[in-house]
1. What is segment 3-163 by shape, rounded, prolate or oblate, if you read a ≥ b ≥ c off the alpha carbon gyration tensor as root eigenvalues and call it rounded for a/c under 1.5, prolate for a/b larger than b/c, and oblate otherwise?
2. Going by how many other Cβ atoms sit within 10 Å of their own, how do 240, 149, 116 line up, fewest first?
3. Which one, 259, 248, 215, projects farthest toward the positive side of the charge dipole computed for segment 178-294 from Cβ point charges (K/R +1, D/E -1)?
4. Most mobile of 257, 126, 51 per a Gaussian network model of the chain (Cα springs, under 10 Å)?
5. What is the local net charge at residue 39, summed over the other residues whose Cβ is closer than 15 Å to its Cβ (Lys, Arg +1; Asp, Glu -1)?
6. Quick check on segment 164-232: take the gyration tensor over C-alpha atoms, sort the square-rooted eigenvalues as a ≥ b ≥ c, and tell me if it's rounded (a/c under 1.5), prolate or oblate.
7. Run the dipole for the chain about the Cα centre, Lys and Arg Cβ at +1, Asp and Glu Cβ at -1, nothing else charged, and hand back the magnitude in debye, nearest 20.
8. At 222 nm, what value in deg cm²/dmol follows for the chain if DSSP H runs of at least 4 each add -39500 (n - 2.57) and the sum is divided by all its residues, to the nearest 500?
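A short reminder: the numbers here are calculations on the coordinates, not readings from a lab. From a predicted model like this one, the values you see are computed outputs, not experimental measurements. Neighbour counts run over all protein chains shown; Cβ positions are idealised from the backbone, glycine included.
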Amino acid sequence: MARIAFLGLGRMGAGMAARMVAAGHEVTVFNRSAQKAAELVSTGATFAPTPREAVHGVDAIFAMVADDDASRAAWLGADGALAGEYAPNAFAVEFSTISRPWVLELAKQATAHGLRYLDSPVTGLPDAAAAGQLILFVGADPVDLDAARPLLAPLCVDIVHFGAVGAGASYKLIQNLLGSIQIAATAEALRTAELAGLDLDTVAAMLSRSGAASPTVIRMCTEMLAGAHDRDIAFTGTLRLKDTRIGVELADAVGSPATLGHTAQDIFERLVAAGHGELNETKVIDLLRESNQH
C-alpha cells in the first residue's frame, strides 16, 4: 500500500479521499476547513495542518480543489506541497478543473521538484466520486501514467489518455464548455415552453426522449423543474462560471470562434452577479424567468 497526501476535501475531494482510505492506503489529508476532515479521520486518515506537512514522506500527492487560485495555494509557497519532503520520484496528480496555462506552469514546477506530474481532471458528480465511478482525463508521459495506474484504480472506471501534460485539461475544458452551453440551452428551452403555455412536465419528458437529449439535458430538465436550487448542491453557479470562463479562454487561445461559449459565459456571469453563485447551477432557469419580468 502507498502513502498518499490528498489536498482538498470539497464535494468531490472528500469522496475521492475516502476511496483511497477504503483501498487500504495510508492517507494524509489537508483542507482549509479542518472540520471537513473529521469523518475521514474517523475512518483512518490523518489530518495535516498544511499541504507541506501533508506530503511528508508520501508516494503520491493528489489534489482536488476549486480553481487556479486554490491550486496555487495548495502547491506553492512556504507551506505548499512543493516545499515538502516527499518520497523520491513521487507522483503529483492534479484532478482539479483548472486552466491549461496553470496546468503547464504547475507541471514545470512539479517536475523541477522531482515529481512525476499527471494532468488528470475527472468527469462525474460527487456520488460518482464516492463510489469510485469517475472517468479520468489524463495528460502525462505514458510511462508515468502506467506507473500511476494502480494508485488511480480505486477512483475510477476508466482512464483516458489524451496525450502529453495539458491534453487532459484541454479535453475537460472542451467537455465542460459544451455542458455549459447545454445547461443554458435547456433553461432557455424550458422557459420558452413555459411562456408558450406548455405543460413543463410533458415538455421535459419529451425532451429527455428526443434527438436533442443528452445526459446533461435529461438531468437539467429534472433538476430545473424540481426547483430545489438550494439543496443537494452538486455544482454551484460559481463553479459553472469558472469552468465556462476557462473553457472560453482555451477556445480563444486556439482561435476557435466559441460564439456559443461566450454566450453561455455571459449567462452564468449574470447568474453569479445576481447573487446566485453559491446555489446550484440549475438556478439559471430562474434567472431567465426574472429577465422576462423586467
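1. Verdict is rounded for segment 3-163.
2. On the way: 240 27, 149 12, 116 19.
Ranking 240, 149, 116 by Cβ neighbours within 10 Å, fewest first, gives 149, 116, 240.
3. 215
4. 257
5. +3
6. Judged from the Cα gyration tensor, segment 164-232 comes out prolate (a/c at least 1.5, a/b above b/c).
7. Computed about the Cα centre, the dipole is about 180 debye.
8. -15500 deg cm²/dmol
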